[in-house]
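So the structure is just underneath, and the comments pick up after that.
A short reminder: the numbers here are calculations on the coordinates, not readings from a lab. A quick note: this is a predicted structure, and the numbers were derived from the prediction, not measured. Every residue, glycine as well, gets a Cβ built from its backbone with ideal geometry; the counts of neighbours run over all protein chains shown.
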Amino acid sequence: MGTSKIAAISGVYIILGLYSLGFNSTDESTSKAAYETANTVQAEHIARAGLSMALVSMGGNQTVGSSASSLSMMGGTVTYTVSTPLPSSERQITSTATLNTSKVTVTAIVNYDKNRWRIERVFTQTTFL
């Protein structure tokens, strides 16, 4: 009778151990997903900051030509370019931010109207490295 009690208790402990292992695996995968999401959100904010810096550098100058700049901020890097493949009153700004395993590219079409640049359209693309 004593041996069967030991076997039953051992079986219960094995089952509890397997459940515990499953919970640990789920916790790790949830933690990893949260980390990737946080990196992506922060990289998007960095890319949008690059877009804002490009607009500031363009100022109220309608004749601004193509330009590029790169810098580090908030733990990541951002590179933004202003190009002129569009009509003379429009420019394309591409801002790419990289943070840990996330890379976000924000592309904006801006139009010169009433002595300032106005954002017409914004496109965002996320890539995992």
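I'm told Phe128 meets every condition in (1) out of contact with any Lys or Arg (no Cβ under 9 Å at 6 or more places or on another chain); (2) surrounded by fewer than 16 Cβ atoms within 10 Å (Cβ to Cβ); (3) under 21 Å from Ala38 (Cα atoms) except one. Can you identify the failing condition by its number?
(1)
Condition (residue is part of a loop (DSSP other than H, G, I, E, B), hydroxyl-bearing (Ser, Thr, Tyr) and in contact (Cβ under 8 Å) with a residue 12 or more places away in the chain) applied to segment 24-40: is it met by at least one residue? Break it down stepwise before answering.
Step one: filter segment 24-40 for residues part of a loop (DSSP other than H, G, I, E, B), giving none.
No, segment 24-40 has no match at all.
Quick grid of which residues meet (1) surrounded by 13 or more Cβ atoms within 10 Å (Cβ to Cβ); (2) closer than 21 Å to Gln125 by Cβ; (3) of a type in the set (A, V, I, L, M):
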residue	(1), (2), (3)
Ile6	no, no, yes
Ser25	no, no, no
Glu28	no, no, no
Ala47	yes, yes, yes
Met53	yes, yes, yes
Gly60	no, no, no
Ser67	yes, no, no
Met74	yes, yes, yes
Thr81	yes, yes, no
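Yes/no matrix, rows are residues, columns are (1) surrounded by 11 or more Cβ atoms within 10 Å (Cβ to Cβ); (2) of a type in the set (Lys, Arg):
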{"site": "Val78", "(1), (2)": "yes, no"}
{"site": "Ser88", "(1), (2)": "no, no"}
{"site": "Ser95", "(1), (2)": "yes, no"}
{"site": "Arg121", "(1), (2)": "no, yes"}
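For segment 97-115, name all the residues that are farther than 20 Å from Phe128 by Cα and either surrounded by 17 or more Cβ atoms within 10 Å (Cβ to Cβ) or touching a helix residue (DSSP H, G or I) at 6+ places or on another chain (Cβ under 9 Å) (or both).
In the first step, residues of segment 97-115 are kept if they are farther than 20 Å from Phe128 by Cα; the result is 108-115.
Hits for segment 97-115 are Ala108, Val110, Tyr112.
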